[in-house]
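First the structure, in the form of structure tokens, and then the observations on it.
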Amino acid sequence: MKIMKFGGTSVGRPERMHQVSELITKDDEAKIVVLSALSGTTNALVGIGDSIANGNREKAKQQIDALEAHYQSFVKELVKQEKTCNKAKNIIAEHFEFLNIILKISFSEALNKDILAQGELLSTKLFSIYLEEKGVDHELLPALEFMIIDTYDEPQIGTIKIKLAQLLQLHKDKKIFITQGYICRNARGEVDNLKRGGSDYSASLIAAAANASVCEIWTDIDGMHNNDPRVVKKTVPIEQLSFEEAAELAYFGAKILHPASIWPAQFYKVPVKLLNTMQPAAKGTLITEEAGSVGVKAVAAKDGIFTINIKSSRMLLAYGFLRKIFEVFEKYRTSIDMVTTSEVAVSVTIDNPNHLKEILKELEPFGTVEVEDVHTIISVVGNEIAQTPNILSKLFESLTSIPVRMVSYGGSKHNISILVPSEYKTQTLQLLNKGLFGLE
Ligand code: ADP
Ligand code: ASP
Ligand code: MG
């Protein structure tokens, strides 16, 4: 059994969906195909939810109508036979009727999650209708019946495994299964999701649960590149990464992978391949336990970082101070990315400001607390890079013009991170591209 996940751009146009059907029917291996919403749909649904939450139902109605029109023209190119055409139109009507009903009832966070789920529900149902037209035998597996998260939004891999196995058992004769990425059911039984970009996480969880031979992530680029191609002009694909390296890159901002998407594959030892739907013959990136080579492989950037500084003379020669500070973050389930300390001060960074107010209040008794925002963590990732000769001098020689705010070295053997004001992100990534990779 293998897993093939196709992202938004891979299903975002009718001809791309046609191409996806070619890719999934190329070999005979049983497969679970995980689909994202058509590109732009989740953003549009977020917009609809925001308009309703802000009480602007007229705007929401216009947004719903525009999205429906997009789907109507999409299916005109997707399917050709009258029967499948009508089926597709009915599916669209059904889902947009649901959105129109939501317009009339009072808004809640739970309802918003229902809105966000429509994208993946639509893409998988439309793709299934196209496969039916092509005569490709397959089964649609509803992710809401097996993708379960707990009260802390953590996927319940044990439950997922059991429920998925039960569903697969019901269709033992089938070889192609289609399911939704991103969406899941929470501990209250409501529709929920694995956060933006979460279809990669769905694929990896399914790969782990199904003990898959490989988890293929098909997207719009030929694998993990050495730098962020949205920011830097000349970037090159990396052939091989270890799970550790890939996890660091995903966590520290390489958008090609959802931040949490590596651990299930790593834990259950399923190789991950990053492949390009538009160039299926390209090598892409293979992610396994093997790193392949030693040294710098890539840099990534994570925006939206808040830095909290706590200064206190009571820290001098005191013990237990850091523990007390970390306990505050633990209480609010807010993870810390970077830490630096001196005798009288500690600085930590967080990427989730949801409980910032409460955290700051609880830190006040420890000393003077200051917050700086609009920071970016730039991570340099590679197998054993902390031990690579001259790595630090190379890094800082490249960055003489950058006001580096913090440095993290030695925490992981595979990562060196620096914190910079976000306005310096582009320049930092460009300078590192030249300094570390010789690419301009
Ligand atoms: P999908 O819709 O298939 O999930 P995403 O847009 O989420 O695709 O991820 C693919 C995009 O990730 C690429 O188009 C690229 O712009 C961006 N990206 C950011 N950093 C990297 C990187 N280091 N390597 C490859 N792609 C990256
Ligand atoms: N459709 C969701 C999003 O746009 C999930 C995904 O594409 O991975 O965030
Ligand atoms: Mg993605």
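Points worth noting:
- Qualifying residue in the range 208-215 (condition: open to solvent by 10 Å² or more (accessible area, probe 1.4 Å) and either more than 27 Å from LYS269 (Cα to Cα) or within 15 Å of ligand 2 (Cβ to nearest atom) (or both)): no
- Filter result for ILE105 (more than 16 Å from ligand 1 (Cβ to nearest atom) and in contact with a Phe, Trp or Tyr (Cβ under 9 Å, 6 or more places away or on another chain)): no
- Scanning the range 1-15 for residues that are in a helix (DSSP H, G or I) and within 11 Å of ligand 1 (Cβ to nearest atom) turns up GLY8, THR9, SER10, VAL11.
- Subset of the range 355-385 (residues that are within 13 Å of GLU248 (Cα to Cα) and under 21 Å from the mean Cα position of the chain (by Cα)): ILE377, ILE378, SER379, VAL380, VAL381, GLY382
- Cβ-Cβ contacts under 6 Å between residues 6 or more apart (or on different chains), taken from a first residue in the range 1-19 that is among the polar types (S, T, N, Q) and open to solvent by 10 Å² or more (accessible area, probe 1.4 Å) to a second residue that is within 7 Å of ligand 1 (Cβ to nearest atom) and not in a helix (DSSP H, G or I), are listed as THR9/SER39; THR9/ASP220.
To keep it simple, each residue is scored yes or no on (1) exposed (fewer than 15 other Cβ atoms within 10 Å of the Cβ); (2) basic (Lys, Arg); (3) more than 30 Å from LYS434 (Cα to Cα).
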| position | (1), (2), (3) |
| --- | --- |
| PHE321 | no, no, yes |
| GLU327 | yes, no, yes |
| THR340 | no, no, no |
| VAL346 | no, no, yes |
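- Scanning the range 186-207 for residues that are surrounded by 23 or more Cβ atoms within 10 Å (Cβ to Cβ), away from ligand 2 (no atom under 11 Å from the Cβ) and not β-branched (Val, Ile, Thr) yields ASP192, SER204, LEU205, ALA207.
- Selection of the range 255-301 for residues being of a type outside the set (Gly, Ala, Ser), on the phi > 0 side of the Ramachandran plot and crowded, with 20+ Cβ neighbours inside 10 Å yields an empty set.
- The range 400-440, subset touching a residue at least 60 places away in the same chain (Cβ under 8 Å) and within 20 Å of ILE308 (Cα to Cα), residue most open to solvent (accessible area, probe 1.4 Å): ARG405
- Lone qualifier among LEU38, LEU45 - being part of a helix (DSSP H, G or I), within 28 Å of the chain's Cα centre (by Cα) and either farther than 24 Å from THR9 by Cβ or within 16 Å of ligand 3 (Cβ to nearest atom) (or both): LEU45
The values are calculated or read from the model by the stated rules, or taken from the named source; none is laboratory data. Keep in mind that what you see is a predicted model, and the values were worked out from it rather than measured. A quick note on method: Cβ atoms are made from the backbone with ideal geometry, for glycine too, and the neighbour counts reach across all protein chains shown. Each accessible area value is taken on the protein alone, full model and side chains, heavy atoms only, with ligands, DNA and RNA left out. Shrake-Rupley method; radii C 1.70, N 1.55, O 1.52, S 1.80 Å.
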